[in-house]
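The values are calculated or read from the model by the stated rules, or taken from the named source; none is laboratory data. On a predicted model such as this, the values are computed, not experimentally measured, just so you know. Counting neighbours? That spans all protein chains shown, and the Cβs are built from the backbone with ideal geometry, glycine included. Side chains are part of the model used for accessible areas, which takes the heavy atoms of the whole protein and leaves out ligands, DNA and RNA. Shrake-Rupley method; radii C 1.70, N 1.55, O 1.52, S 1.80 Å.
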Amino acid sequence: MRKYFYAPPNVLKKIYPNSIWTSLNYKVLITFDDGPTPQVTSEVLKQLEQYNIKSVFFCQGENLDGNSKIINEILERGHTIGAHGWHHNKITKMTNAKILDDISKMNEILFSKYNYEIKYFRAPYGRIYPYQASMLGKIGIKNVMWSLVTYDYESDLNKVKYAVDNYLSSNSIVVLHDSFSSHKILSKSIDYLYESIQKNNFEIGTPEECLK
């Protein structure tokens, strides 16, 4: 059972056919949740640039306000922005109308200020009902889950190493967090993940090709 804390079981993928659980081109996709966060996200962007990695940043709506410099930097460096809720609330306790309203608010901000429109969504805590994922698909937004949780937010590098060593595969969608909870180990976590990908002769993909 322990593996299911890091890699979701196949039965879930069958229950959620409208969600993306693994990279669709057998390349590793690295993603970040909970930002943008001042200082943290900027440091992540510099590190990703060094490794020539393009990622998806699943942002909280409330974090868009006052972080225009970071958002511009995410987009200018060729990364993708996805929605991760407005207040990081469990959407399983929200109505469809409220979910769509939150996404609409994010889109209004991103389109009016950055000429950008959201294509991807990841539910906070990974909690989403199948009918909610289906509802998002009907408005052209893909629900992106994951195949490898690193637990970097627990600020224990050994847990990250365990997750990567045991569950990294050629088509992994990996979850990291550009938040203060993971800040102390985030740089080393990215380094370790990148080195492990290289050691296993895996490739790192872009959001566009991995989620097409």
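Data for the structure
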| read-out | value |
| --- | --- |
| Search result, residues across the range 112-170 that are aromatic (Phe, Trp, Tyr) and part of a helix (DSSP H, G or I) | TYR114, TYR125, TYR131, TYR153, TYR162, TYR167 |
| Subset of the range 23-52 [of a type in the set (Ser, Thr, Tyr) and crowded, with 20+ Cβ neighbours inside 10 Å] | SER23, THR31, THR37, THR41 |
| Filtered residues of the range 137-178 (kept if among the small types (Gly, Ala, Ser), closer than 20 Å to PHE121 by Cβ and open to solvent by 40 Å² or more (accessible area, probe 1.4 Å)) | GLY137, GLY140 |
| Any pair with Cβ under 8 angstrom, 6 or more apart, that starts in the range 195-209 at a residue that is on the phi > 0 side of the Ramachandran plot and ends at one that is open to solvent by 10 Å² or more (accessible area, probe 1.4 Å) and in a loop (DSSP other than H, G, I, E, B) | none |
| Check on ASN10, of a type outside the set (Lys, Arg), within 20 Å of GLY140 (Cα to Cα), loosely packed, with under 14 Cβ neighbours inside 10 Å and without any contact (Cβ under 8 Å) to a residue 40 or more places away in the chain | no |
| Breaking point among (1) open to solvent by 60 Å² or more (accessible area, probe 1.4 Å); (2) in contact with a Ser or Thr (Cβ under 7 Å, 6 or more places away or on another chain); (3) part of a loop (DSSP other than H, G, I, E, B), for LYS212 | (2) |
| Pair list, Cβ under 6 Å, 6 or more apart: the range 74-96 residue closer than 20 Å to ILE139 by Cα and among the acidic types (Asp, Glu), other residue open to solvent by less than 60 Å² (accessible area, probe 1.4 Å) and assigned to a loop (DSSP other than H, G, I, E, B) | none |
| Residue tally, condition surrounded by 13 or more Cβ atoms within 10 Å (Cβ to Cβ) and closer than 30 Å to LYS46 by Cβ, over the range 79-101 | 9 |
